[in-house]
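Here is the structure we will look at.
The values are calculated or read from the model by the stated rules, or taken from the named source; none is laboratory data. Note that the structure is a prediction, hence the values are computed from the model and not measured. As a convention, Cβ positions derive from the backbone with ideal geometry for all residues, glycine included, and neighbour counts pool all protein chains shown.
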Amino acid sequence: MSISKVFYTLIDDKNTIFQKVEFQTDHIIFRARLRQSTKQCPCCRSFDVRIKETKERTFRMISIGQKRTQLKIDVHKVWCQKCDKKNWIALPFTYGKLPMTKSFVHYIIQLTAMTTLLCVALFLGLQWKTVKNIDKANLSKRAKQFSFKKLRSISIDEIAIKKGHKYMTVFTDISTGQIIHAVEGRSEEALRPFLKLLSKKAKRLRGIGIDMSAAYSSSIKAHLPNVSIIFDRFHVTKLLNNTIDKIRRTEYAKCQNQGLRVLKGQRFLLLRNFVDLEDEEKSSLQKLLEINKSLAIAHSMKEQFRLFWECSSRSAGARFLGWWIIQAIESGVEQLAKTARTLLHHFEGLLSYFEHRIDNGKAEGINNKIKVLKRQAYGYRDQEYFKLKLYNLHNFPFRKYGLCH
């Protein structure tokens, strides 16, 4: 391939004419000129212009091998005879005011979709802030690609964004797993604007999956009274597992006082589903439960609750849930009885599951992606940029980010 073909491949613009190339020790310099057709007024697009000033500018191009590549070209300031204005002519191969070619900016954006900003900056020899601003500008031009009319069920969950109980509330379309909105805070005041927007535009919205947060529940009832609230399987299972863990810690403390250590290191045996355990693990768990009545009762009730999600109808679910709550309250295990009263308080929300059969599985998968995103970047100080990353997270990292015009 000739050097001119290499140049036109890198520049990807027909209005720039290759002149010559200079090979330096650590970089390559291409020299080119603009076609006559580009010398027009950027305001009124008139070709009746006179050149008032010329200067040479340098632009970064995609590297060739290990050598950085630059483009040097003369640019002109023209005086328009038609609109009587003086402006520098537009350069078709550039992206805004950046001293880089459009193809190089596109290359940066593709790299940011695959690795961290710091890695991209070090690899290309750029400042971290420059890479961040390029990615942010690109993401800001990408509208949140979702339709209010297609929303049937969404989930609302919170994520920690800073130390010191700083949270962000995330709205996720359950059918696609896409984050459709994110707002700092988790109070009714923070949620109100978007909930009002949903009430006006999301006419087909039927269910919202949430955890057992009173703030979320009261906000939805106030602004979306006709939408069902569903307390999903993930958060209920999490509540039951937390109950088991509290009982385990309480019983462990009792054993320590008696000089016993029978419960140490058994946490995950108690929290995992019994059917998923290996034969050896089942045997170990059975021995543990045989010597601790409270744990045995709590573990049995946790395993039985899994049948709730398999009930065929709302009425069957109501009968099972009522029976389970009574059994848990009468079990004599204080923590289990407290959990049962919590479920009784959210009785209707639990039964809504049988009308919609939705859960927060995709939302929790998105939450894991958010954690990876934050961990890779060591956190985000620019919350606007963080939100833009969230809105495109359902595409990450498999889809290449293209350049927005």
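Of all residues in region 87-126, those satisfying the criterion of being touching a strand residue (DSSP E or B) at 6+ places or on another chain (Cβ under 7 Å) and surrounded by 15 or more Cβ atoms within 10 Å (Cβ to Cβ) are 87, 89, 91, 93, 94, 100, 101, 102, 103, 104, 107.
Taken together, the residues in region 152-203 that are acidic (Asp, Glu) and surrounded by fewer than 19 Cβ atoms within 10 Å (Cβ to Cβ) amount to 4.
Taken together, the criteria exclude residue 76 from residues that are surrounded by 14 or more Cβ atoms within 10 Å (Cβ to Cβ) and either within 15 Å of residue 7 (Cα to Cα) or out of contact with any strand residue (DSSP E or B) (no Cβ under 8 Å at 6 or more places or on another chain) (or both).
Annotation: of all residues in region 191-212 being out of contact with any helix residue (DSSP H, G or I) (no Cβ under 6 Å at 6 or more places or on another chain) and within 21 Å of residue 305 (Cβ to Cβ), the one that is modelled with the lowest pLDDT is 212.
Would you confirm, using the coordinates I've provided, whether residue 103 is of a type in the set (Ser, Thr, Tyr) and out of contact with any helix residue (DSSP H, G or I) (no Cβ under 7 Å at 6 or more places or on another chain)?
On the way: of a type in the set (Ser, Thr, Tyr): yes; out of contact with any helix residue (DSSP H, G or I) (no Cβ under 7 Å at 6 or more places or on another chain): no.
The answer is no for residue 103.
Can we say residue 81 is closer than 20 Å to residue 6 by Cβ, surrounded by fewer than 17 Cβ atoms within 10 Å (Cβ to Cβ) and touching a residue at least 12 places away in the same chain (Cβ under 8 Å)?
In short, no.
Within region 216-226, if we keep just the residues that are surrounded by fewer than 18 Cβ atoms within 10 Å (Cβ to Cβ) and of a type in the set (A, V, I, L, M), the residue that is farthest from residue 355 (Cα to Cα) turns out to be 222. Checked against the criterion of being of a type in the set (Phe, Trp, Tyr), in the same structural domain as residue 381 (by TED's automatic domain parsing) and over 19 Å from residue 369 (Cβ atoms), the candidates 123, 194, 171 yield just one match: 194.
Scanning region 213-271 for residues that are modelled with pLDDT of 70 or more and assigned to a loop (DSSP other than H, G, I, E, B) gives 213, 224, 225, 226, 227, 232. Of all residues in region 5-51, those satisfying the criterion of being in a loop (DSSP other than H, G, I, E, B), free of Cβ contacts under 8 Å to residues at least 24 places away in the same chain and within 21 Å of residue 86 (Cβ to Cβ) are 45, 47. Candidates are the residues of region 41-67 that are surrounded by 17 or more Cβ atoms within 10 Å (Cβ to Cβ) and closer than 23 Å to residue 103 by Cβ; the one that is nearest to the chain's Cα centre (by Cα) is 62.
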